Amino acid sequence: MARKVAIVTGIPGVGKTTVCKETEALAAQEGIKLKVLNFGDVMVEIMERSGRPLHRDRLRKMDISSQKVIQAQAAAKLAKAIESADEHVIIDTHMIIRTGTGYLPGLPKHVLDVLKPDFLVLIETDPEEIAARRTKDLAAGERLRDVRVMEELKEELEFSRMVASACSVLTGAPVVIIKNPTGGQKEAAKALLELFRG
Amino acid sequence: MARKVAIVTGIPGVGKTTVCKETEALAAQEGIKLKVLNFGDVMVEIMERSGRPLHRDRLRKMDISSQKVIQAQAAAKLAKAIESADEHVIIDTHMIIRTGTGYLPGLPKHVLDVLKPDFLVLIETDPEEIAARRTKDLAAGERLRDVRVMEELKEELEFSRMVASACSVLTGAPVVIIKNPTGGQKEAAKALLELFRG
Amino acid sequence: MARKVAIVTGIPGVGKTTVCKETEALAAQEGIKLKVLNFGDVMVEIMERSGRPLHRDRLRKMDISSQKVIQAQAAAKLAKAIESADEHVIIDTHMIIRTGTGYLPGLPKHVLDVLKPDFLVLIETDPEEIAARRTKDLAAGERLRDVRVMEELKEELEFSRMVASACSVLTGAPVVIIKNPTGGQKEAAKALLELFRG
C-alpha cells in the first residue's frame, strides 16, 4: 500500500486538532503508521529560527506578503518531511485564514504543488456548536454577538468549501467532508483513518 | 464557424444523458454536425481493453489513484477524438463524482488541459425532482430517506457549481446552467444546441 | 511601502464604480498615491483602435471567443500600465460577466497571471438593494419581475464568490469582501483604502 498525504482543514472551533490527535492514537492502536504535521507550528518555528519570534495567534495579523513568504517556506519544509517519511502523513492546517483584511487561502497553488495531497479534508461542525466552542475560549463576561457571528461562521464554512473545490480541481484530489459534532471525535477520527486504508 | 467543444455535466438524476441525446437528435434535424462522447464509456472501454473489465456502476467504487490513471487515459483518448472530428463535440461527464470517500473532481486541471472546452455546462434540476427520479431506480420497497437525501442533493449541486467555477477560471470557458425540469428536456436540448450556433 | 494592486469587482448594481471613485478621492485627500483603471474601458478602447468600435453595453453580447481575445489584450495593456505606475493600482472589473450563454469569468488564469493582484475584492450589496438600483436604470413602465430577479441576483453573488475563491487559490491573494449598503459608500471606500496602508 502506497503512502498517502491528507491535508486536514477546518475553521477554528470545529475541533480539527482534536480529531487529528484521535486519529493518530487510533492509527497507533491499529498498527497503521501515521504522522500528523501542523502547518502553523512549522510557520512559528521558521519565525523563531529567523530571529523574529512571534506568538502563534499573531500569525494571522501579519501583513499578507510576509505571511505568504513564510507559508512558502513552511510548505517546502513539510514537503521534505513528507518525502523522507515512511508513513502516512496528515497535514493539519486551514483552507482559509480569516485575517483583518479578508480570507487568505491556506493552500494556494504554489503550496499545493509542493505538498501534492491525496485527500483534501474539511472537518465541519454546525455553526451553532462552533459558536458555543468559541465562546468558551473568551474571557469571562465577553459574549459573541449571536446573529452576526452565526452569519460569519456560515460564510467561513462556505468559503472553505469553495476554496477546497478549487484546490481539488488543481490537484485532482477529492474533497472529503468529515462531520465532527460534539462528542463525535472518535467517529470523525475513524472516518479520517479510513482514507489511509484504501 | 469554428468547431466547438462543450463539456456537459450533471449529478445522477438530472437527466443529463437524456438531454444530450435530445440535443444530438435536434442537431441532426437541423443539419448541425454534432457528436456526443461519453467520458464514462471511454473509461469502461479502457478497463476492458486492459483486461480488467469492470461494471460501470463500480467505477466510482475504485480506489482513487486507479480512478485518476484511467481518467487521464480517457481524457487523452477523447482529446484525440475531438482533434480528428470535423463536427461539434459534447462530452457527457460529471463535474464531481461522489465516491465512498468524498467528491472526486471529474475535470481536474490535467483533464481540462487536454480537453480544452469552450463551454462548461451544468444540467440542473430541483433536488425534489432528482430524489423522485433516483427513487424510481431503486428496488421495490427501498425508499430514500427524505431529509438527509435532500441535504445531500443540495450539497452535490452546490459542489458541482463550485468545482465548475474553478474549471472556468482555469480554462476561461463560461459556466452555462441549463435547467431540466420534468418534461423540459426538449427546451434544455434547444438551449444546449444554441451554444454551437454562435 | 511596496506598491499594491487590488482587483475590485462586483455585479452590476452593487455600486462598485462609485466606491472606486470615492476611494480615489479619499486617497488624494490623504496623500496616498492611487490610480483606478477600468478593465471594460480598456476593452472598449482596444475595439475602437482596431476599427471595430462597439458600445460598452454590447461588449457582453459579443461571441465568447472574441471576448476572450480582447480580454487578453486588455490584460496585457493593464499589466504594462501597472508596471510603469509608481502608485497603488485598483483595477475596476467583474469577477463574472453574465452573458446570454452563461457566466464568463472576468479573471481567467491567463489574465490573473499577467495582472498579479495582491487583493481580490468583492463589493457586495443585499440583493434587494441591487434590484432597487437596477430598476432605476430601466425605462419608465418596465419593472423587474421580483422573485426571479431575486433568485438570479443571489446566483450571481454566489458565483462571484466561487470564482473569487478559485482566483484566490491560483494567485495566493486574499478574497476581501466589502459591503456597500445604500449610503455606505464612504465606509466602503475607507475599507478599500485600508488595504493599501499595510
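Read-outs: derived from the displayed coordinates by stated rules, not from any lab. If you're wondering where the values come from, they're calculated on a predicted model, not measured in any experiment. Don't worry about glycine lacking a Cβ; one is built from the backbone with ideal geometry, like all the others, and counts go over all protein chains shown.
Determine the shielding of peptide A:64-74 by partner chains: average, over its residues, the number of Cβ atoms on other chains within 10 angstrom of each Cβ.
Details: counts 8, 5, 1, 2, 4, 0, 0, 1, 1, 0, 0.
Taking all residues of A:64-74 together, the mean is 2.
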Long-range HN-HN contacts of B:Ile177 with modeled amide H, under 5 Å: B:Leu122, C:Tyr103
Amide H contacts of A:Lys35 (H built 1.01 Å from N, under 5 Å, at least 5 apart or other chain): A:His88, A:Val89, A:Ile90
Lys/Arg +1, Asp/Glu -1 at C-beta; chain A dipole; positive extreme among A:Val44, A:Gln29, A:Cys167: A:Val44
Estimated dipole of the protein assembly as shown in Debye, rounded to 20 [Cβ of Lys and Arg +1, of Asp and Glu -1, Cα centre]: 940 debye
Shielding by partners, peptide A:93-101 (average Cβ within 10 angstrom, other chains): 3
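For chain A, what percent of Cα pairs sit more than 32 Å apart?
Working: 2673 of 19503 pairs.
Cα-Cα pairs of chain A separated by over 32 Å account for 14 percent.
Filter A:Lys154/A:Lys190; B:Lys4/C:Lys68; A:Lys21/A:Lys109 down to the pairs with a C-alpha to C-alpha distance above 21 Å, please. Intermediate results must be reported in sequence, preceding the final value.
Numbers: A:Lys154/A:Lys190 26 Å; B:Lys4/C:Lys68 15 Å; A:Lys21/A:Lys109 27 Å.
In this structure, A:Lys154/A:Lys190; A:Lys21/A:Lys109 exceed 21 Å between Cα atoms.
Just tell me the longest site-free run in chain C, where the sites are trypsin sites (Lys or Arg not before Pro) in a DSSP loop having at most 10 other beta-carbon atoms within 10 Å. Mind dumping the intermediate values first?
On the way: sites that count: C:Arg143, C:Arg145.
The segment C:1-142 is the longest one with no such site.
Could you work out the per residue convex hull volume over the alpha carbons of the stretch C:79-129, in cubic angstrom? Numbers along the way, then the final one.
Numbers: hull volume 5.7 nm³, N = 51.
Roughly 111 Å³ of hull volume per residue.
Computed over the Cα atoms of the protein assembly as shown, what is the ratio Rg over Rh, Rh following Kirkwood? Mind dumping the intermediate values first?
Details: Rg = 24.5 Å, Rh = 25.6 Å.
Rounded to two decimals, Rg over Rh is 0.96.
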